[in-house]
Amino acid sequence: MKAPRIVVVEDEPAIRRGVADVLRLSGYEVAEAGDGDRGLAEASRPDIDLLLLDLMLPRKDGLEVLRELRQVRPALPVIILTARGGEDDRVRGLKMGADDYVVKPFSARELLARVEAVLRRSLGRPGGVQRARLGHATIDLERREVRWDPARRGDLSETECSILGFLVANRKRAVSREELLSRIWGIEPVGIETRTIDMHIARLRTKLRDPAGVPTPEAILTVRSHGYMAGPDLHPIEAAG
């Protein structure tokens, strides 16, 4: 089986080499870039499986790279590498479709755990709910899109589909933020902030509202002091047998 191919975009040579070495020792194929222009070109290739993206880059900053990348590789998993104190940028990155972020300085163990979790979701998402209905909209988790009619549709990221599929599959109960971190991100939630979950849920809610302003049932309900659950009008569509 072909090893996943990862692009590391980081302008600090020592950090870039260290990250690349850790990934190569773990069996990944790695391409490196030291600026935003080169990073965007590398990540746009169809054989790339994951992008590790620093935000502070010469020529083109990381958020600009992410914005342009989403035009050509809308479903490519992206992990943001960011310095402490950059919360606003992390929030913006997650809202733009990044799958996760790692705060510098980070350990090799933490980085590999995040990489493995994101790749596990994107390369081998387990079967289960493939399509769902929300009011007049059809949500296709395999195609990663929501369709209101043939002329109006919107894209969903891999992480958004994984969250939505898990909530639909467990629609009769509330799911905690910690369970989502464990089951979707593949990481133990001890000591990990759960705001990442909240930001992804907020973005999902926005994407699942009809952009034409047609009333749409609430897709995801907040369960106070616990987590989230699928709304009463969000139902799986059974596959034809």
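The values are calculated or read from the model by the stated rules, or taken from the named source; none is laboratory data. As the structure is a prediction and not an experimental result, all values here were calculated from the model. Glycine gets a Cβ as well: all are built from the backbone with ideal geometry, and neighbour counts include every protein chain shown. We work out accessible area using only protein heavy atoms, side chains counted, and drop any ligands, DNA or RNA first. Shrake-Rupley method; radii C 1.70, N 1.55, O 1.52, S 1.80 Å.
Among A33, A169, A212, the residue with the largest mean-square fluctuation in a Gaussian network model of the chain, with springs joining Cα atoms closer than 10 Å, is A212. The aspartates and glutamates whose alpha-carbon is closer than 12 Å to the alpha-carbon of K2, local same-chain residues fewer than 8 away aside, are E29, D47, D49. Under a model in which nothing but the beta-carbon of Lys, Arg (+1) and Asp, Glu (-1) is charged, the chain shows a dipole of about 660 debye around its Cα centre. Note that region 158-165 has calculated 3J(HN,Hα) couplings of 4, 5, 4, 5, 5, 4, 5, x Hz, one per residue in order, obtained from phi through the Karplus relation 6.51 cos²θ - 1.76 cosθ + 1.60 (θ = phi - 60°); glycine and proline are x.
Amide H contacts for R131 (H built 1.01 Å from N in the peptide plane; partners 5 or more residues away or on another chain; cut-off under 5 Å): L141, I237.
GNM remark for the chain: springs join alpha carbons under 10 Å apart, and the peak mean-square fluctuation among T82, T222, T159 falls on T222.
Starting from the Cα of K60, draw a straight line to each of the lysines and keep only those under 29 Å, dropping any in the same chain fewer than 8 residues away. Result set, ordered by chain and number: K95, K104, K207. Each of W148, G39, L94 was placed along the dipole of the chain (beta-carbon charges, centred on the mean Cα), and the one lying farthest toward the positive end is W148. Over the C-alpha atoms of the chain, the Rg to Rh ratio, Rh being the Kirkwood estimate, stands at 0.97.
Only one residue of N170, L51, G227 has its Cα farthest out toward the positive end of the dipole of the chain, where Lys and Arg carry +1 and Asp and Glu -1 on Cβ, and that residue is N170. Compared with the direct C-alpha span, the chain from R183 to L25 gains 54.3 nm at full extension, assuming 0.36 nm per residue. Estimated from the Cβ-Cβ distance and a Förster radius of 25 angstrom, the FRET efficiency linking D47 and K95 is about 0.35.
Summed over the residues of the chain and divided among them, the accessible surface reaches 48 Å² per residue at a probe radius of 1.4 Å. For the chain, the share of accessible area belonging to carbon and sulfur comes to 50 percent (1.4 Å probe, ligands and nucleic acids excluded).
The sum of -39500 (n - 2.57) across all DSSP H runs of n ≥ 4, divided by the residue count of the chain, sets its helix-only mean residue ellipticity at 222 nm to -10500 deg cm²/dmol. For the pair V214 and H235 in one chain, pulling the backbone fully straight at 0.36 nm per residue adds 5.7 nm over the alpha carbon distance.
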